[in-house]
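**Q** Pasting a structure here, questions to come.
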Amino acid sequence: MTYYLGIDGGGTKTTCILGDESSELARADGTASNVIRVGDEAARDALRNTICDVCAKAAIDPAQISRTVAGVAGAGRPEARQFIEGVLREAVGGEVRVVGDADIALQAAFGSGPGVIVIAGTGSIALARDAQGNTIRAGGWGWAISDEGSGPWIGRAAVAAILHARDTGTNTDLEQRLLRAWQIPDVEQLVRRANAVPPPDFGALLTDVVEAAKGGDAFAGTVIARAGRVLALLVKMAVDRAFPAETTPNEAIQVAMSGGVFAHAPNVREAFYESLRMLAPQAVVSPEVCDPVMGALQMARRRTI
């Protein structure tokens, strides 16, 4: 039997899926393996441990794997890609390829066909592929200057919204939720935590922002609406370049979503839909949040090495 391994290595978790030519044999989740965010040692441990876990579940030796494709956040940087390739060659048998996390998500959503994938998780990016196979990206330039609509972006925006509310003399449910989330007593401590070096895990605040918005908190609702709009803007930029109106007039453009923000924040999805309808009415959004690791497995099976 021939075994194939697909890996989705993100800034929050790592997912491995092991399969043969036609079926999924085992799946395992581990810790984050984005080397740029967590460093060499943590990324190496996450990949090795998750690979060992998925192989143990399938009762095979990692050396039996014929091909592995890993979609890893940060793989656009040559040094990061080379590091991950080295780790994988030590951990598994057979051929190894490392691509970006958006590449495997695009594959999972559309196979080899055209479309636009927008990812919002630890980071954010939109990747479009036209009918000729050319790809265009928008966003995804890193947490300090980009990653609009990601989990950490939403967390930072929520902290800023609390402080703006304070400046107007307004008390918010959002403030109380975030104080509890970080287990701190007051806004002064919140400010110190938010400005700490290294920065705190703003992404961990996502659920509290989502719930505050659901409960009617106006400041949280504004943050969620902004997140949906900036993600729609990423898609709009990718669509305009990959599917220009003069060459694809009135043509429906397929759009898919991926990542933890879309998976766990239905109000962000709704805000994204509403904004995209106005910005790119030709876009047709799939309601399902796609599973990128399946794209990695498909690429391994197709021998895209």
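**Q** Among residues belonging to the stretch 125-140 that are part of a strand (DSSP E or B) and not β-branched (Val, Ile, Thr), point out the one that is farthest from ILE104 (Cα to Cα).
**A** ALA138
**Q** So which of LEU276, LEU297 is over 16 Å from the mean Cα position of the chain (by Cα), at pLDDT 95 or above and not assigned by TED's automatic domain parsing to the domain that holds LEU174?
**A** Answer to the selection: LEU297.
**Q** Right, another one. Could you check ASP8 against (1) closer than 22 Å to VAL118 by Cα; (2) surrounded by fewer than 15 Cβ atoms within 10 Å (Cβ to Cβ); (3) at pLDDT 95 or above and say which number it fails?
**A** Looking at each condition in turn, ASP8 falls short on (2).
Listed here are the residues, each with its yes/no results for (1) closer than 24 Å to VAL268 by Cβ; (2) buried (at least 17 other Cβ atoms within 10 Å of the Cβ); (3) in contact with a strand residue (DSSP E or B) (Cβ under 8 Å, 6 or more places away or on another chain).
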| residue | (1), (2), (3) |
| --- | --- |
| ALA131 | no, no, no |
| GLY140 | yes, yes, yes |
| ASP167 | no, no, no |
| LEU174 | yes, yes, no |
| GLY203 | yes, yes, no |
| THR207 | yes, no, no |
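**Q** Only one of ARG277, ARG301 is of a type in the set (Lys, Arg) and under 30 Å from LEU88 (Cα atoms); which?
**A** The match here is ARG301.
**Q** Within the stretch 248-282, track down each residue that is surrounded by fewer than 20 Cβ atoms within 10 Å (Cβ to Cβ), in contact with a Leu (Cβ under 8 Å, 6 or more places away or on another chain) and farther than 13 Å from ARG229 by Cα.
**A** If the condition is that a residue be surrounded by fewer than 20 Cβ atoms within 10 Å (Cβ to Cβ), in contact with a Leu (Cβ under 8 Å, 6 or more places away or on another chain) and farther than 13 Å from ARG229 by Cα, then HIS264 is the only one that fits.
**Q** In the set ASP147, ASP240, ASP208, which member is part of a loop (DSSP other than H, G, I, E, B) and within 29 Å of ALA256 (Cα to Cα)?
**A** ASP147
**Q** Among the residues of the stretch 47-84, how many are in contact with a helix residue (DSSP H, G or I) (Cβ under 8 Å, 6 or more places away or on another chain) and closer than 10 Å to CYS16 by Cβ?
**A** 6
The values are calculated or read from the model by the stated rules, or taken from the named source; none is laboratory data. Because the structure is a prediction, the values reported are computed rather than measured. Here the Cβ is made from the backbone with ideal geometry for all residues, glycine too, and neighbour counts use every protein chain on show.
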